[in-house]
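Below you'll find the structure, written out as structure tokens, and then a few comments.
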Amino acid sequence: MQVTVHAAKTNLSKLIDAALAGEEVIIAKGKNPVVKIVPIPKSRFKVGVLKELAGTAPDFFEPMSEEELALWEGRE
């Protein structure tokens, strides 16, 4: 489907629905096609997928031991 910019302004919701349904929607300036409306693919990202592989991290809110503090400050 190819529509003009004016028609796209008037029927944007319908054009979005058509693109989501799999139809190719092209907007043209005059007779020259300039842009295509395409749906954004749904993300398959899942939080915590690599949790088992990451292992444990240090707790940065716990106070350092005296030995760690001395190493950090270069007092060893």
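The values are calculated or read from the model by the stated rules, or taken from the named source; none is laboratory data. In this text, all values refer to a predicted model and were calculated from it rather than measured experimentally. Heads up, the Cβs are rebuilt from the backbone with ideal geometry, glycines too, and the neighbour counts pull from every protein chain shown. The area values use the complete protein model at the heavy-atom level, side chains included, leaving out ligands, DNA and RNA. Shrake-Rupley method; radii C 1.70, N 1.55, O 1.52, S 1.80 Å.
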* Asked: Quick one: length gained pulling ASN32 to MET64 fully straight, 0.36 nm per residue minus the C-alpha distance?
  -> 4.9 nm
* **Hits among lysines - C-alpha to C-alpha of LYS14 under 22 Å, sequence gap 8 or more where chains match** => LYS29, LYS31, LYS36, LYS42
* To do: Averaging sequence separations of C-alpha pairs under 8 Å and six or more residues apart, then dividing by the length of the chain, give the relative contact order as a whole percent.
  => 22 percent
* To do: Can you figure out the FRET efficiency of ILE16 with ARG44, using R₀ = 22 Å and their beta-carbon distance, to the nearest 0.05?
  => 0.50
* Mind checking the per residue accessible area of the chain for me, 1.4 Å probe, whole number of Å²? => 96 Å²
* **Surface share of carbon and sulfur [accessible, 1.4 angstrom probe, percent] for the chain** => 60 percent
* To do: Return the ratio Rg/(2.2 N^0.38 Å) for the chain, where Rg is computed over Cα atoms only.
  => 2.44
